[in-house]
Amino acid sequence: MIRPILRMGDPRLLQRSRPVADFGTAELRRLIEDMFDTMRAADGAGLAAPQIGVPLRLVIFGAADGRPNPRYPDEPPVPQTILLNPVLQPLGDEMDDGWEGCLSVPGLRGLVPRWRRLRYRGFDADGGSIERTVGGFHARVVQHECDHLDGILFPMRMRDLSRLGFTEVLFPELAGQAADD
Ligand code: NI
């Protein structure tokens, strides 16, 4: 079921979410299914549970079809992932600036610094452990989604707000397929 996505200005997006305590439940599966329905309907690269008003440490991202996301056609595909109670550990101190959008900040893109490489750990829906070392766009997506669990939206990470703008102005070539971003 597609759920409404909260937009910037809603105080629920600024809250710290609580850890998932019960794995493998029917309720959790339904929530994850709704999150995928909602993310796909919006062509999102990822979605965090608080974006649909559920204050749990749960994010999804990536695509099963191995194709780049239509909102980020120049970025490499990210494997489809369900990640609960994530812990991120930057590797090295290098950061890269990259353009980000957010389904909760529709129509805008901003240049955001993120760790270039990181290790992340967490759990899948059944409580199985996940541990990956990633870089580039994959690392960026994980950092963006996990920030939502601490009530942080991408503009709050920006160092230069002159690099925040409307997607259709910054990237006119994306206007057709990502008009509402
Ligand atoms: Ni977002």
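State all residues of segment 140-163 that are closer than 12 Å to Gly110 by Cβ and either of a type in the set (Ser, Thr, Tyr) or under 12 Å from the mean Cα position of the chain (by Cα) (or both); if no residue qualifies, say none.
Those that are closer than 12 Å to Gly110 by Cβ and either of a type in the set (Ser, Thr, Tyr) or under 12 Å from the mean Cα position of the chain (by Cα) (or both): His144, Leu153, Phe154, Ser162.
Check Gln177 against each of (1) surrounded by fewer than 16 Cβ atoms within 10 Å (Cβ to Cβ); (2) at pLDDT 95 or above; (3) polar (S, T, N, Q) and name the one condition it does not meet.
Among (1) surrounded by fewer than 16 Cβ atoms within 10 Å (Cβ to Cβ); (2) at pLDDT 95 or above; (3) polar (S, T, N, Q), Gln177 violates only (2).
Determine whether segment 7-14 contains at least one residue that is closer than 24 Å to Val78 by Cα and surrounded by fewer than 13 Cβ atoms within 10 Å (Cβ to Cβ).
Checked against the condition, which is being closer than 24 Å to Val78 by Cα and surrounded by fewer than 13 Cβ atoms within 10 Å (Cβ to Cβ), segment 7-14 yields no hits at all.
Yes or no: segment 16-32 includes at least one residue that is within 26 Å of Arg159 (Cα to Cα) and more than 12 Å from the ligand (Cβ to nearest atom).
Looking through segment 16-32, at least one residue is within 26 Å of Arg159 (Cα to Cα) and more than 12 Å from the ligand (Cβ to nearest atom).
Are any of the residues in segment 134-146 closer than 26 Å to Asp22 by Cβ and without any contact (Cβ under 8 Å) to a residue 24 or more places away in the chain?
Checking segment 134-146: not a single residue is closer than 26 Å to Asp22 by Cβ and without any contact (Cβ under 8 Å) to a residue 24 or more places away in the chain.
Among the residues of segment 99-108, how many are more than 14 Å from the chain's Cα centre (by Cα) and part of a strand (DSSP E or B)?
1
What pairs come out if I take residues in segment 32-46 that are of a type in the set (Asp, Glu) and pair them with residues that are within 13 Å of the ligand (Cβ to nearest atom) whose C-beta lies under 6 Å away, six or more apart or interchain?
That search, which allows pairs on different chains as well, returns Asp43/Arg71.
Yes/no per residue for (1) closer than 16 Å to Val59 by Cβ; (2) modelled with pLDDT under 95; (3) open to solvent by 30 Å² or more (accessible area, probe 1.4 Å); (4) within 12 Å of the ligand (Cβ to nearest atom):
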{"position": "Gly122", "(1), (2), (3), (4)": "yes, no, no, no"}
{"position": "Glu131", "(1), (2), (3), (4)": "yes, no, yes, no"}
{"position": "Val141", "(1), (2), (3), (4)": "yes, no, no, yes"}
{"position": "His144", "(1), (2), (3), (4)": "yes, no, no, yes"}
{"position": "Asp147", "(1), (2), (3), (4)": "yes, no, no, yes"}
{"position": "Phe166", "(1), (2), (3), (4)": "no, no, yes, no"}
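Out of all the residues in segment 76-98, which are within 16 Å of the ligand (Cβ to nearest atom) and assigned to a strand (DSSP E or B)?
Of everything in segment 76-98, those that are within 16 Å of the ligand (Cβ to nearest atom) and assigned to a strand (DSSP E or B) turn out to be Thr81, Leu83, Pro86, Leu88, Gly98.
Among the numbered criteria (1) among the β-branched types (Val, Ile, Thr); (2) in contact with a Leu (Cβ under 9 Å, 6 or more places away or on another chain); (3) closer than 21 Å to Asn69 by Cα, which one does Ile130 miss?
So the condition that Ile130 fails would be (3).
Which ones in segment 54-105 are surrounded by 15 or more Cβ atoms within 10 Å (Cβ to Cβ), among the polar types (S, T, N, Q) and closer than 15 Å to Val141 by Cβ?
Answer for segment 54-105, where residues must be surrounded by 15 or more Cβ atoms within 10 Å (Cβ to Cβ), among the polar types (S, T, N, Q) and closer than 15 Å to Val141 by Cβ: Asn69, Thr81, Ser104.
Select from segment 1-51 the residues that are among the acidic types (Asp, Glu) and assigned to a loop (DSSP other than H, G, I, E, B) and write down the one among them that is farthest from the chain's Cα centre (by Cα).
The residue in question is Asp22.
The values are calculated or read from the model by the stated rules, or taken from the named source; none is laboratory data. Note that the coordinates shown come from a computational prediction; the quantities given were computed from them, not determined experimentally. Here Cβ is always computed from backbone atoms with ideal geometry, including for glycine, and neighbour counts include all displayed protein chains. Ligands, DNA and RNA are stripped out before the accessible areas are found, and what is left, the full protein with its side chains, is counted by its heavy atoms. Shrake-Rupley method; radii C 1.70, N 1.55, O 1.52, S 1.80 Å.
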